[in-house]
1. With every protein chain kept in place and ligands, DNA and RNA left out, what is the accessible area per residue of segment 72-122? Probe 1.4 Å, answer in Å².
2. For TYR71 and LYS95, compute 0.36 nm times the residue count separating them, minus their Cα-Cα distance, and round to one decimal in nm.
3. For segment 59-124, what is the Kirkwood hydrodynamic radius in Å, using each pair of distinct C-alpha atoms?
4. In segment 119-183, what GluC sites (Glu not before Pro) fall in a loop by DSSP, with at most 11 other Cβ atoms inside 10 Å?
5. Order the peptides 82-88, 70-76, 145-151 from the highest to the lowest mean number of other Cβ atoms within 10 Å of their residues.
6. According to a simple spin-label model (label point 7 Å from Cα along Cα-to-Cβ), what is the distance in nm between ASP142 and ASP110?
7. Accessible area per residue of segment 123-162 at 1.4 Å probe, in Å²?
8. Say R0 is 35 Å: what FRET efficiency, to the nearest 0.05, do GLU153 and THR129 get from their beta-carbon distance?
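The values are calculated or read from the model by the stated rules, or taken from the named source; none is laboratory data. For clarity, every value in this text was computed on a predicted model and none was experimentally measured. Heads up, the Cβs are rebuilt from the backbone with ideal geometry, glycines too, and the neighbour counts pull from every protein chain shown. Each accessible area value is taken on the protein alone, full model and side chains, heavy atoms only, with ligands, DNA and RNA left out. Shrake-Rupley method; radii C 1.70, N 1.55, O 1.52, S 1.80 Å.
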Amino acid sequence: ALPISAAPASPSKPLVQEVAGGVGATAELEVEKASLAQPDSPRKVAKAQAPRVIKAAKKVKIPKVAPKAMYELERVWRDIKHDSGLVAQYLKLFKATTFKKVFNESTNPDILPSFFVAVSEHLAADDPTAAARVLKSIAKRDGFAMTRMLLTEADKGHVASACATLPAELAADAAAIRTAYEC
């Protein structure tokens, strides 16, 4: 017969105890928590049953000028990223040089895909010259070769869709964009 010995987990309440009858057999002791639980207060009950009030979305203001630095772009983008129509409206402000100035440092990886969605869903049909300008400017920036390698098939699909939507007078731009993005 094996002797019974308590594991030194806690001097006052051992949690595991060795038992006789098997080599190294252990049995866990359950701690009763029911005596420690307190009944819910009337405030907690009323608060749990109160209807949730959802705040109205804040009014988003799109700046009237293109960003001069990445932090300006990210600040505005965080407010408008949920609506590709607003992103497209913001992209209309960008000049070809804006991308070179703003994207000279590392970018948030979610920004460019949202730009591609906005161009494909809104700009390509509403303002094709702006759509071509945005896509060409992104392709001309430093480090685009690495960016292109990291584009998903969905991103390339948005670019291809935008190029297909561009009118005939921008066919040369559409071909250059397809080549640059390899889509």
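1. On a per-residue basis, segment 72-122 sits at 50 Å².
2. Full extension of this stretch gives 6.9 nm more.
3. Kirkwood hydrodynamic radius for segment 59-124: 11.9 Å.
4. Of the GluC sites (Glu not before Pro), the ones in loops of segment 119-183 whose Cβ has at most 11 other Cβ atoms within 10 Å are GLU182.
5. Averaged packing, sorted descending, gives the order 82-88, 70-76, 145-151.
6. Output for this residue pair reads 2.7 nm.
7. Heavy-atom accessible area per residue stands at 48 Å².
8. Between GLU153 and THR129 the formula returns 0.85.
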